[in-house]
Amino acid sequence: MTDFIDKLAAQREIGERISVFAESLHAEESPELRILERKALEEGIPIIRPHTRGLIQCLLEMLAPRRILEIGTAVGYSALVMHTYAPVPCEIVTIERDEERAAEAERNFEAFGAKEITLLKGDAAQILPQLEGTFDFIFMDAAKGQYIRFLPEVIRLMRPGAVLLSDNVLKEGEILASKFAVTRRNRTIHKRMREYLKAISDEPRLRTVLLETGDGAALSVRRRGGESGGRP
Ligand code: SAH
Ligand code: MG
């Protein structure tokens, strides 16, 4: 038993070292974004971590998306990252329900001259069913307990080959802990996040891989074969 606990502790330490190293590789390149990043962190806003930004930058180059959807704008940092690093002209639709944060995001988009970003204010649960057309890349980064609720609409909005990146899915490993080890307040989020990870993994229209990036990220792609077609 002590062996096992020692092993877990050692593994955690290695994980932390890798994570610190990975973050050190992803210093923000744009001075404007760096200022915004620092301000958001000072205000305690949970923006994407440098390693997650690195992943998004790679995905943008791979996908060259024309249309991006983001659920959870906060003050617009990640939307502006995507706007800055998208390799081809690209429309970004982003959803935020908190009025103050949405107002700050709007000011930031204006300051960056980011006309290609459309901010939709309100609850994603209400807004998603109203969206038309499909997206090439979807970034899910809202309330963790709601991902499972958004999933059917999110899949509807993905074209075949579209990528869904879901952020903060491991909450620093807490999602892996036994449900009894989780505080009562977090138990519902914990349960729903596990359901979500199971749902995106079992979903026949998606291929999903769980990554330890940042706070844990799930990378899913909508299969090109559709629900029944294509190779198994
Ligand atoms: N993507 C941002 C951080 C988002 S933080 C970045 O990395 O820069 C998560 C945000 O999601 C919060 O601002 C919160 O208000 C918003 N949010 C949570 N649940 C939501 C919902 N149901 N609809 C819309 N926005 C939501
Ligand atoms: Mg996040």
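So here's what we get for this one:
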read-out: Accessible surface, 1.4 Å probe, highest first, among residues Ser19, Ser24, Ser220; value: Ser24, Ser19, Ser220
read-out: Structure-based [θ]222 nm, the chain - -39500 (n - 2.57) summed over DSSP H runs of at least 4, per residue, nearest 500; value: -14500 deg cm²/dmol
read-out: Loop GluC sites (Glu not before Pro), the range 93-194 (other Cβ atoms within 10 Å of the site Cβ: 11 or fewer; DSSP); value: Glu132
read-out: Estimated inter-spin distance, Leu211 and Lys121, nm [label 7 Å along Cα→Cβ]; value: 3.3 nm
read-out: Among Ala74, Ala162, Ala103: highest mean-square fluctuation, GNM of the chain, C-alpha pairs under 10 Å; value: Ala103
read-out: Percent RCO, i.e. relative contact order, over the chain, from Cα pairs under 8 Å lying at least 6 residues apart; value: 16 percent
read-out: Distance in nm between pseudo-label sites at Thr183 and Ala103 (7 Å out along the Cβ direction from Cα); value: 3.0 nm
read-out: Distance violations [Cα-Cα > 28 Å] among Lys39/Lys115; Lys115/Lys198; Lys121/Lys171; value: Lys115/Lys198
read-out: Separation between Cα centres of the range 123-149 and the range 183-209, rounded to whole Å; value: 15 Å
read-out: With every protein chain in place, the chain: carbon and sulfur % of accessible area (1.4 Å); value: 53 percent
read-out: Loop-located GluC sites (Glu not before Pro) in the range 1-58 whose Cβ has at most 13 other Cβ within 10 Å (DSSP); value: Glu29, Glu43
read-out: Surface per residue (accessible, 1.4 Å probe) for the range 2-222, Å²; value: 53 Å²
read-out: Cleavage-rule hits, trypsin sites (Lys or Arg not before Pro), the range 88-184, DSSP coil, Cβ neighbours within 10 Å at most 11; value: Lys115
read-out: Calculated FRET value between Gln130 and Glu28, using beta carbons and R₀ = 35 Å, to 0.05; value: 0.55
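The values are calculated or read from the model by the stated rules, or taken from the named source; none is laboratory data. Given the structure is predicted, the values throughout are model-derived calculations rather than measurements. FYI the Cβ positions are ideal-geometry reconstructions off the backbone, even for glycines, and counts take in every protein chain you see. Just the protein is used for accessible areas: all its heavy atoms, side chains included, with ligands, DNA and RNA removed. Shrake-Rupley method; radii C 1.70, N 1.55, O 1.52, S 1.80 Å.
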